[in-house]
């Protein structure tokens, strides 16, 4: 079964939205990293994790709506950013475990 593709305008809008979400999530990860070992860390980390999850969920939903050609375009354009988000979140989590 072939998936239906979405319009180019809708795809661009979705990718722009994801890029914006990515930037916000990355900023929240940076805030969490800066607040490590402070009383603010727990809240900052929770906000960062929520933003990462929401961004990745939106990314997965977008990929499910796309034709194979569109999916490849999205993977080439913003796929690495999504992997970067996962890696940055994991790095903070790992550094927490290493410090305890």
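Please check: in the Gaussian network model of the chain (C-alpha springs, under 10 Å), which one of 69, 30, 17 has the largest mean-square fluctuation.
In the Gaussian network model the winner is 69.
With axes computed from alpha carbons, what is the tilt in degrees of helix 8-34 against the longest principal axis of the chain, rounded to the nearest 10 within 0 to 90?
With both axes taken from Cα atoms, the answer is about 10 degrees.
If you rank 23, 45 by fewest surrounding Cβ atoms within 10 Å, what's the result?
Ranking 23, 45 by Cβ neighbours within 10 Å, fewest first, gives 23, 45.
Average projected area of the Cα convex hull of segment 1-54, in nm²?
Computed as one quarter of the Cα hull surface, the answer is 4.7 nm².
Ranked highest first by average number of other Cβ atoms within 10 Å, how do 32-43, 77-88 line up?
Per-residue Cβ counts within 10 Å, averaged per peptide and sorted highest first, yield 77-88, 32-43.
With viscosity set to 0.890 mPa s at 25 °C, what whole-number translational diffusion coefficient in µm²/s follows for segment 9-99 from Stokes-Einstein and a Kirkwood radius over Cα pairs?
In µm²/s, the coefficient rounds to 178.
Just so you know, all these numbers are worked out from the coordinates, no wet-lab data involved. It should be emphasised that the depicted structure is a prediction, and the values quoted were computed from it without experimental measurement. So basically every Cβ, Gly included, is an ideal-geometry build from the backbone, and we count neighbours across all protein chains shown.
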